[in-house]
Amino acid sequence: MSQFRILNDRGVDAFRDFLEESAREGGQSPIHLLDDNYFSKPFHPAFYLLPSKNFDNKQELGRYICECFDNAGISRQMVVRDRNLWASIVLFYFNQFCPIRDDGTRKVAMEAKDKVERYPKYIPRLNLGFGEESLRGRRHYALGPYLIFDHNKDAEYQADVVLSGAIDSWGDDVEQTAGRIEVISNRNLINLIRMLYWDEENSKLSPGYSTKTRPGNINRLVSDLRAQMKLTTDWYSMPAQEIYDNLPSEYDYWKAKKE
Amino acid sequence: MTTRNFNYTGRLFIPQECIDGRLSKMSSGPPALEIDFDWTFAPYLDAISDDAHVYVDADVDMSFMRFEYGNFGNPVAPEDVLLSELDSWTSANFKIRIVKDGTLLAASRKHTVTLALPDTKSRRSLIIPEYRDLGERPWMLEVHDIMEYPKLVFNEKWWEKAAHSGYPLQEDEETMATIMPSVLEGMLNWLLIHQKHDAHQWHQDQSWKGSWIRFAKSLADTDAPQLDKSGEYESMEIVSNWITSVVANYSESKGLTSRLVSMIPGGE
């Protein structure tokens, strides 16, 4: 295992070219960019990722990255604005983030209308502006799970409910959750999501939890309802059970499933 | 169209005058967020029960910390007010919430403090100064779409030397006269060209973005260029020329070059 290297801007451009030009046809990921001094350099402080590591879900990914950073003394503040690091991590495990399908092609997620970054799931989108850069982690396959896990690593379930999906899937529910610091940092709310939608017996989310046409779905919980409730209540200081007991009737369906 | 905000919630507003917030840094590591409260500036807050809880919620980008300041009747800072979990250690946004049994009784709007300008008292800024290691670059404008306020970032070496000399940069007329036209130009470029919103769209905006545009329009000789129905400007040259004229009028209104010239010893 060698010290992890990160793409420079030239390397990120080459990675983007690969996504644009040959990834869909099942082309081999350009992992060699991470060994080429013209396209990459060692990251400091040094940390190490196992190339053979497999991730069954986003929680495993978030936990592994957190552990590797912790072992190297790397704090969140040192990495959350580093676009090239997060693009490099996705490239390093590209075949897991964008696997080759049975027909030999890959499904490459793209945001065609985004003028800043057409591939924000693989290369974090930079916030437009001058000066210090910040990243939008909500759509990124590695940064999003890392942020959610890091905020919840000391919690009982370590946000398993929102990190239970495969690392190459990214539903609206994850995006709505990962993009809101008021959600991922509120353990009471994360526990509430677990109380409502987690199927304990099968260790997975209940079917239909994110179906937007279904009353009481997760997207409405973390966006509209939360925005409305925070005008009059403080979910940070309320135990999950208390929030649960005071939810409007549209959540009765989910409550009934638990009884 | 004028936008009005109605508050049907019964939640009380905690005005800025009640909050004295500042960042302080003792050594390397995270700064401390220190806040004092004086509720007497808002007598209507007397309706709040003394045993309600006071919380200070601080955030930067995708990081968040909550500090418990005890009871409304006698708020006391917690032992640890270091912003160790925030993603920036030079600035922070914070909001005050007063809560009883899960019910939000009162809240402030979001405030921003930086190490360069830590005091929140009576400030209504278009931009806030900050300092940081910029290598050999003297200063830069920092602005993007999710900021509470744009920042004028100075090189920390320059900032600290000036502060120790007794002439802090933000009060240094010569420095600010030199920098501010470029800051105004950068802001208008970002708002009108990078963000591709015309001045008409920004005019109603209640944040600093609208404030900058209203400020620019107050300086302009001509109407601001507008986007057409397809969302394009008739000509980027017209937009650039409008920005250039606004910056020229700003400089004229402040007599910037004349002031710079007059500061040179022996000059007339």
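A few notes on this one:
- Centre separation in Å (Cα based) which lies between the stretch B:216-246 and the stretch A:56-81: 46
- Taking chain B as a Gaussian network of alpha-carbon nodes connected by springs under 10 Å, the highest mean-square fluctuation of the residues B:Ser165, B:Ser91, B:Ser49 belongs to B:Ser165.
- Förster radius 30 Å - calculated FRET efficiency between B:Lys161 and B:Glu79, Cβ distance, rounded to 0.05: 0.30
- Neighbour-count ranking [beta-carbon atoms within 10 angstrom, fewest first] of B:Lys95, A:Lys58: B:Lys95, A:Lys58
- Label point distance in nm, A:Glu201-B:Asn71, each placed 7 Å from Cα along Cα→Cβ: 4.9
- Average beta carbon contacts from partner chains per residue of A:227-234, 10 Å cutoff: 5
- Neighbour-limited loop hits for GluC sites (Glu not before Pro), the stretch B:205-242 (at most 14 other Cβ within 10 Å; DSSP other than H, G, I, E, B): B:Glu232, B:Glu234
- Mean residue ellipticity, 222 nm, helices only, the protein assembly as shown: the sum of -39500 (n - 2.57) across DSSP H runs of n ≥ 4, divided by residue count and rounded to 500, is -8500 deg cm²/dmol.
- Of the peptides B:66-76, A:83-93, A:98-108, B:184-194, the ranking by mean beta-carbon count within 10 Å, highest at the top, reads A:83-93, B:184-194, B:66-76, A:98-108.
- Whole-number D in µm²/s for chain B (Stokes-Einstein; Kirkwood sum over Cα pairs; 37 °C, 0.692 mPa s): 156
- Note on A:Lys53: aspartates and glutamates with a C-alpha under 20 Å away, same-chain residues under 8 apart excluded, are A:Asp35, A:Glu67, A:Asp70, A:Asp150, A:Asp160, A:Asp168.
- Comparing A:Glu21, A:Glu67, A:Glu182 in a Gaussian network model of chain A, where Cα atoms under 10 Å apart are tied by springs, the biggest mean-square fluctuation is seen for A:Glu21.
- In sequence order, calculated HN-Hα J values of the stretch B:31-47 (Karplus, 6.51, -1.76, 1.60; Hz; x Gly/Pro): x, 9, 9, 10, 9, 10, 10, 9, 6, 5, 6, 9, x, 5, 6, 4, 5
- Only Cα sites of the stretch B:28-163 enter the Debye sum here, all with the same form factor; the resulting log10 I(q)/I(0) across q = 0.19, 0.21, 0.22 1/Å is -1.14, -1.31, -1.39, listed in q order.
- If R0 is taken as 35 Å, the Cβ-Cβ distance between B:Glu173 and B:Asp223 corresponds to a FRET efficiency of 0.60.
- Amide hydrogen neighbours beyond the local backbone of A:Tyr119, cut-off 5 Å, H modeled: A:Glu111
- Using only the C-alpha atoms, the convex hull of the stretch A:155-199 corresponds to 76 Å³ per residue.
- Cα-Cα over 20 Å, subset of B:Lys110/B:Lys209; B:Lys151/B:Lys254; A:Lys121/A:Lys212; A:Lys230/B:Lys95: B:Lys151/B:Lys254; A:Lys121/A:Lys212
- Diffusion constant of the protein assembly as shown at 10 °C, which comes from Stokes-Einstein with the Kirkwood Cα-pair radius and 1.306 mPa s, µm²/s: 61
- Computed over the alpha-carbon atoms, the stretch A:1-91 gives an Rg to Rh ratio of 0.97, Rh here being the Kirkwood radius from the mean inverse distance.
- Per-residue shielding of A:169-182, expressed as the average number of other chain Cβ atoms within 10 Å of the residue Cβ, stands at 1.
- Taking the fewest neighbouring Cβ atoms within 10 Å as the starting point, the ordered list for B:Phe94, B:Phe13 is B:Phe13, B:Phe94.
- Ranked list, fewest to most other Cβ atoms within 10 Å of each Cβ, for B:Phe64, B:Phe154: B:Phe64, B:Phe154
Every read-out reported here was derived from the displayed coordinates using simple, explicitly stated rules and does not represent laboratory data. It should be emphasised that the depicted structure is a prediction, and the values quoted were computed from it without experimental measurement. Note that each Cβ is placed from the backbone with ideal geometry, even for glycine, and that neighbours are counted across all protein chains shown.
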